[in-house]
Every structure is written in structure tokens, then in C-alpha cells.
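Reviewing the structure listed below.
Bear in mind these aren't lab numbers, they're just calculated from the coordinates by the rules spelled out. Computed from a prediction, not measured in an experiment: that's the story for all the values here. Don't worry about glycine lacking a Cβ; one is built from the backbone with ideal geometry, like all the others, and counts go over all protein chains shown.
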Amino acid sequence: MSLLEIQHAVVRHHLSALRTTATEPAEFRRLIQRLAGCLAYEATRDLRSAAVEVHTPLTTVTGSQLADRIGLVPIMRAGLGMVDPVLDLIPDAVVWHLGIYRDEERATPVEYYCRIPEAPPVEVALILDPMLATGGSARAAVTVLKARGIRQIKILSVIAAQPGIRAVQAEHPDVAIFTCAVDPDLNNRSFIVPGLGDAGDRQFKT
Ligand code: PRP
């Protein structure tokens, strides 16, 4: 069971702007990108590498090349805003889209789109979603990936609520969660408190 909450002054700075109601969609998208890059940096720290011979202008040295193949799974809609910064870091990653929205009445996940092959040719999958509230969407996404045989799954979530983290860990103790902030509560509509509102609406101005 692993949870990493990034402890970093710059992350806290950008996260505060992200939470702020007055932050407009254009800036909100930039902040999501910045923080997603930080999450990806942490979540890819332990990827497997292979030694390669590198010719510098002066000599030859043993360098390193990523050996794990990576799949990115953004959960639509809000996860879409995290794709580009993660691809910047791992340009060879494959992107598979998964559409899940939360039923507003019951706060339960509803899958509406799945563009993931039956046997994805990767060793590691990174689920991208700015928010983990009840954890229902993340749990559903992990279940989809496990059913397709992916063994190493990590969740990258800008904000994660304590109850949702517990729910994911209870069902999928082997899945690592990376977040910029662990928020304590959910309100009676299952919104994260203090949170940042709805990351999809705020990115896409809806
Ligand atoms: C939000 C968010 C997560 C989910 C988190 O999506 O982006 O996918 O809710 O809640 P949970 O942990 O309780 O499942 P939403 O349903 O608002 O869809 P959207 O991304 O299209 O806005």
C-alpha cells in the first residue's frame, strides 16, 4: 500500500492558486499541467532502466535507457489536461482514453468510453485524473486495467481525499497513489473539501 503526498514549496504554491475560486480556466489548465508534471516526475522515479553505451563528444560512457513501457490512461474529461506534461517527460508513452463520469445523485462511477486494448503492451500504467474524491472512478479504472493484465498501476491525482484514498487502498492495495495534497473530507455531495471545485468544469469552462 503506497501513498506519496509531494512535499514541495513550489507544488504547494501552485496548488494554492489552483484551489482559488478566482483562478480563470486558462490559468487553471496551466496549473494542472505544471502539477501533473511534478506528479509524473515522482511516479516514474523507479521505472526500470537498461544500460546503453553513449558516445559523448569526448568519450564513451555507460548511460541509461528506460526499459519499462508506459501507458497513460487519462480519465475523461478532467484527466485530459494532464496528458501533455506527462508525455513531455515520457514521449514514448502510449495514451489510452477512459471515459468515466460520476453519477451526480449517487456519486458512483459510470463508464462511457474505453479505448484500451485487450492486452496492452506495457509494463506500467499511469492513471491520470486531477481528483480522487470517493475513489469510485479510480477504483473502476484500476479494475479495467487489471482485467487487461497490467500488473503495475499508479494513480496520479492532483488532489486526493482521505476517504477515497482509503477506499482505493482497501480494494487495490498493490496500486500506488501519487498526489500533491491529501484533503481530509468530502461534503454531503461527495465533493473534496477544501478541494478545488470540479476540475473538469474549471478546465473546460463548463
Ligand atoms: C470527477 C473527477 C474524477 C471523479 C472523482 O470527474 O475528475 O474523475 O470526479 O470522483 P470519485 O473519486 O468520487 O469517483 P467528473 O465525474 O466530474 O467528470 P468530468 O471529469 O467529466 O468533469
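Trypsin sites (Lys or Arg not before Pro) within region 163-206: which are DSSP loop residues with at most 11 other Cβ atoms inside 10 Å? Can you show the working numbers first?
Details: sites: ARG166, ARG189, ARG202, LYS205; in loops: ARG189, LYS205.
In loop regions of region 163-206 (DSSP not H, G, I, E or B), the sparsely surrounded trypsin sites (Lys or Arg not before Pro) are ARG189, LYS205.
Sorted by average packing, counted as other Cβ atoms within 10 angstrom per residue and highest first, what order do 50-60, 143-153, 68-78 take?
Working: 50-60: 8.5, 143-153: 16.0, 68-78: 21.8.
Per-residue mean Cβ counts within 10 Å order the peptides as 68-78, 143-153, 50-60.
So, counting K/R as plus one and D/E as minus one, what does the shell of residues with Cβ under 13 Å around ASP92 add up to?
My count for the surroundings of ASP92 gives -2.
With Kirkwood's inverse mean 1/r over C-alpha pairs for Rh, give me the Rg to Rh ratio of region 46-107, two decimals please. Before the final figure, lay out each step's value.
Details: Rg = 18.2 Å, Rh = 14.6 Å.
So for region 46-107, dividing Rg by the Kirkwood Rh gives 1.25.
In whole angstrom, how far apart do the alpha carbon centroids of region 35-81 and region 155-206 sit?
25 Å
Taking a quarter of the surface of the convex hull around the Cα atoms of region 166-206, what do you get in nm²?
Working: hull surface 15.8 nm².
Averaging across all directions leaves 3.9 nm² for the Cα convex hull.
Let me know the whole percent of all Cα-Cα pairs from region 3-204 that are separated by more than 22 Å. Intermediate values should be presented prior to the final figure.
Numbers: 9538 of 20301 pairs.
For region 3-204, the fraction of Cα-Cα distances above 22 Å is 47 percent.
Taking loop as defined by DSSP and a crowding limit of 16 other beta carbons within 10 Å, which GluC sites (Glu not before Pro) in region 92-137 fit? Before the final figure, lay out the partial values.
Values: sites: GLU104, GLU105, GLU111, GLU118, GLU123; in loops: GLU104, GLU105, GLU118, GLU123.
Of the GluC sites (Glu not before Pro), the ones in loops of region 92-137 whose Cβ has at most 16 other Cβ atoms within 10 Å are GLU104, GLU105, GLU118, GLU123.
Which loop-located trypsin sites (Lys or Arg not before Pro) does region 14-61 contain, where loop means any DSSP state but H, G, I, E or B and the Cβ has at most 16 other Cβ atoms within 10 Å? Before the final figure, lay out each step's value.
Numbers: sites: ARG19, ARG29, ARG30, ARG34, ARG45, ARG48; in loops: ARG45, ARG48.
Filter output for region 14-61: ARG45, ARG48.
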